[in-house]
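The values are calculated or read from the model by the stated rules, or taken from the named source; none is laboratory data. The structure displayed is predicted, hence computed values, not measured ones. Note that we place each Cβ from the backbone using ideal geometry, even for glycine, and neighbour counts take in every protein chain shown. Heavy atoms of the whole protein, side chains included, go into the accessibility calculation; ligands, DNA and RNA do not. Shrake-Rupley method; radii C 1.70, N 1.55, O 1.52, S 1.80 Å.
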Amino acid sequence: MTERIVAAGYKAFRAKQVMDWLYKKRVEDWDAMSNLPKDFRGWLAENYIIYPVRPILDKRSDDVTQKMLMELEDKSLIETVLIRAPKKGVGQEDSRKTVCVSIQVGCAYGCKFCASGLAGFRRNLLAAEVVAQLMHICRREEEQEGGNEHRTSNVEHSTSNGGGESQMSKQAQERPAFDNIVFMGMGEPLANYDALVRTIRILNADWGLNFGARRITVSTSGLAPQIEQLAEEGVAVRLAISLHGATNAVRDQIMPINKRYPLEKLLPAVKAFQQKHGRMLTLEFILIEDVNDSLEQARELAKIARNLHAHVNCIPYNTVEGLPWKRPSIPRQDAFVDILKKAKVSVTIRREKGHDINAACGQLRLKTEEAAAES
Ligand code: SF4
């Protein structure tokens, strides 16, 4: 941006001012950038769009999962979800907030249990469209929680980098009003690799949102070559693998990607990532009745998790209209988890949030598009 600004005849330092207005003060109007000359603001307005994504529907479920349907410039629809979870620790009234962003319109990977795959793939998002989802969530949360007051009080995220108290306070004011970002919305992040990495760099940059890469999770259905590439990218993000089957036979039934990258190709790539970054990764496992919830699957999953030093996140299947799959009974879920625990695998079972607002990925967008087509 500095290069473009200089080429247009303006001073280089203006780029830093624009970044401050966008990412620290989070304005959504060029005219609000009051320390910029008027002709420069006019040039910006002619050449850039601040938010190429517009929220059109905001749904909140009883269990405090909040879903925003967003419209892109070409009228495509995407979803962004905010999930609130209780903070660990006694007496903490505030809640930990995770934003789940989309990175494609639809998805080409066609996992059999997923609403995003149902309508097929339309296009990749630009990095700007991914970042804009987060900026909208950020602005809305700050408005709801008292703007600067909230940001100033949110000091627990500050990292001392030698700048002293005033530096910490400034960083706290600038920090987004959420704690984690997960690329688990619509689309396969590693299939839109360049936009993914560009987005992570913008989020991470001190001129950007200054958001730690360690609080960003990239969730993939298993694109082995891109996992290896990401390991070498120099961004210390967390990795989550949508495994959903502990053998090729089961994975083949529900995840077409397994034909291209079966477990014997996927698992070594994941292992390489884990060894490079030295951090525990997550294996996501949606429990679907009579598909992958057998005790034999649990035993195979335990072997994989131990080998990869991975945490297992079991998610009882969230019903998707138009798909035949069912959620296993609670005793069956518990028996599955018990096998993992007995094998000393770190495991959680996530009783899915957002069931009542179609929060499984892609459901809200699918329903809205179907309704629009019928009307
Ligand atoms: S689970 Fe992920 S990769 Fe599979 S179809 Fe859905 S969005 Fe695509």
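Just a few scattered comments:
- When peptides 244-253, 220-229, 124-133 are sorted by average Cβ neighbour count within 10 Å, with the highest value leading, the order is 124-133, 220-229, 244-253.
- Kirkwood Rh in Å, taken over the range 260-334 so that all alpha-carbon pairs contribute: 13.8
- Violating pairs (Cα-Cα greater than 18 angstrom) within the set K112/K326; K112/K259; K67/K112; K303/K342: K67/K112
- When all protein chains stay in place and ligands, DNA and RNA are ignored, the 1.4 Å accessible-area order of K75, K38, K24, largest first, is K38, K75, K24.
- Listed residue (I56, M68, G42) projecting farthest to the positive dipole end of the range 24-87, Cβ model: M68
- Centre-to-centre separation between the Cα atoms of the range 16-55 and those of the range 118-134: 22 Å.
- With contacts taken as Cα pairs under 8 Å and at least 6 residues apart, the range 205-328 reaches a relative contact order of 25 percent.
- As a fraction of the 1.4 Å probe accessible area of the range 9-74, surface on carbon and sulfur atoms comes out at 50 percent.
- The residues of the range 20-69 have, on average, 52 Å² of accessible surface per residue, using a 1.4 Å probe with all protein chains present.
- Descending principal axes extents, the range 185-246, alpha-carbon based, whole Å: 41, 19, 18
- Of P262, N248, I216, farthest towards positive along the dipole that unit charges on Lys, Arg, Asp, Glu beta carbons give the range 184-292: I216
- Protection-proxy order for peptides 314-322, 329-337, each taking the mean of Cβ atoms within 10 Å per residue, highest first: 314-322, 329-337
- Surface share of carbon and sulfur [accessible, 1.4 angstrom probe, percent] for the range 261-333: 54
- 14 Å beta-carbon shell around R14, net charge (K/R +1, D/E -1): +2
- Per residue accessible area in Å² of the range 204-363, where ligands, DNA and RNA are left out and the probe is 1.4 Å: 43
- Amide H contacts of K326 (H built 1.01 Å from N, in plane; Pro and chain starts excluded): E289 sit under 5 Å, all sequence-distant by 5 or more or on other chains.
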